[in-house]
Amino acid sequence: MQVFSRVVEAGSFAGAAKTLSIPRSTISRSVQDLEKALGVSLLQRTTRSLRLTSNGSFYYQHCQQVLLEIESVETALSDSASQPRGRLRVDMTSSFARAVVLPAIDGFLERYPELDIVLTLGDRPVDIIQEGLDCVVRSGTPQSSALLVARNIGSFEWITCASPAYLKRHGVPLSLDDLANHRVVEFHSGRTGRAMDWRFTAAEGEQTISTRGRIAVNDTDAYISCALEGLGLIRIANFLATPYLHDGSLVRVLAEQRGPEVPLSVLYPRNRHLSPSVRAFVDWMAGLLNGAPLPAAGPAG
């Protein structure tokens, strides 16, 4: 059941073999033995694709319920099973890792000495199941999914900043209308490739401003560097701005013009919601971020 389920989730025998760390031939033989024992065909195989049969779809749905029950019972009965161990694969944005996770990760590893962490950093869309990830950290409202669970662990706020040199040369914007007379550095989303708009919450409702500038980047470090060099205004997550605001290299502007809070979530496959390693990481993240400035994707990631 476990092997068959992973084949379905990975979309191929090779993908399942990679995530389970067992030979592809073992995967194929296990599925063949399962089909023989059941007396039905579960998968339609071609040289380029793998699809569930109607019987396979029915069986897969019930496999999930059975496997979850087994994992629940084993976790409840065995003290050792409740101890996080092995290798946990987590995907997150690079700025999130640098500013929040890496400075504190040693404490997590000390708490769970039998657990290793593999971090993949970026802001590209990922297929959690097919790529064999245990969980991902993402900002924004997650899309509903029958295969994924999303746990909210906090939220963050966008703030607008510029260097003292820029403000001395061009003046301080006092209203959203003033932005039309200022230079803005564009940030192009790694997910969509488009310039990210700036959203503000006003008394009359949400206001969106399309940013257009003479310079555009798609990397967070470069985005902040543009502001530090006085090339224009930027809008970043509050946790990223904090060190620069403290040392005076950036100044917050339009502080009264706040943006909508953006949720931060950890997403993980539904059939791993009882994994001690995933549960430990999600609980640690929630505790780590409680009361702290929180990170984001895009200009924060």
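The values are calculated or read from the model by the stated rules, or taken from the named source; none is laboratory data. Note that this is a predicted model, so its numbers are computed, not measured. Cβ placement follows ideal geometry from the backbone for every residue including glycine, while neighbour counts extend to all protein chains displayed. With ligands, DNA and RNA removed, areas are computed over all heavy atoms of the protein, side chains included. Shrake-Rupley method; radii C 1.70, N 1.55, O 1.52, S 1.80 Å.
Residue under question is G230, and the condition is that it be out of contact with any Phe, Trp or Tyr (no Cβ under 9 Å at 6 or more places or on another chain), at positive phi and either surrounded by 13 or more Cβ atoms within 10 Å (Cβ to Cβ) or part of a loop (DSSP other than H, G, I, E, B) (or both); does it hold? Quick ask: steps written out before the conclusion?
Working: out of contact with any Phe, Trp or Tyr (no Cβ under 9 Å at 6 or more places or on another chain): no; at positive phi: yes; either surrounded by 13 or more Cβ atoms within 10 Å (Cβ to Cβ) or part of a loop (DSSP other than H, G, I, E, B) (or both): yes.
Spelling it out, it is not the case that G230 is out of contact with any Phe, Trp or Tyr (no Cβ under 9 Å at 6 or more places or on another chain), at positive phi and either surrounded by 13 or more Cβ atoms within 10 Å (Cβ to Cβ) or part of a loop (DSSP other than H, G, I, E, B) (or both).
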Does D106 satisfy the condition of being surrounded by fewer than 17 Cβ atoms within 10 Å (Cβ to Cβ) and outside any loop (DSSP other than H, G, I, E, B)? yes
Any residue that is closer than 30 Å to Y60 by Cβ, buried (at least 17 other Cβ atoms within 10 Å of the Cβ) and at pLDDT 85 or above - is there at least one of those in the stretch 236-255? no
Across the stretch 173-209, the tally of residues that are in contact with a Phe, Trp or Tyr (Cβ under 8 Å, 6 or more places away or on another chain), assigned to a loop (DSSP other than H, G, I, E, B) and open to solvent by 20 Å² or more (accessible area, probe 1.4 Å) stands at 2
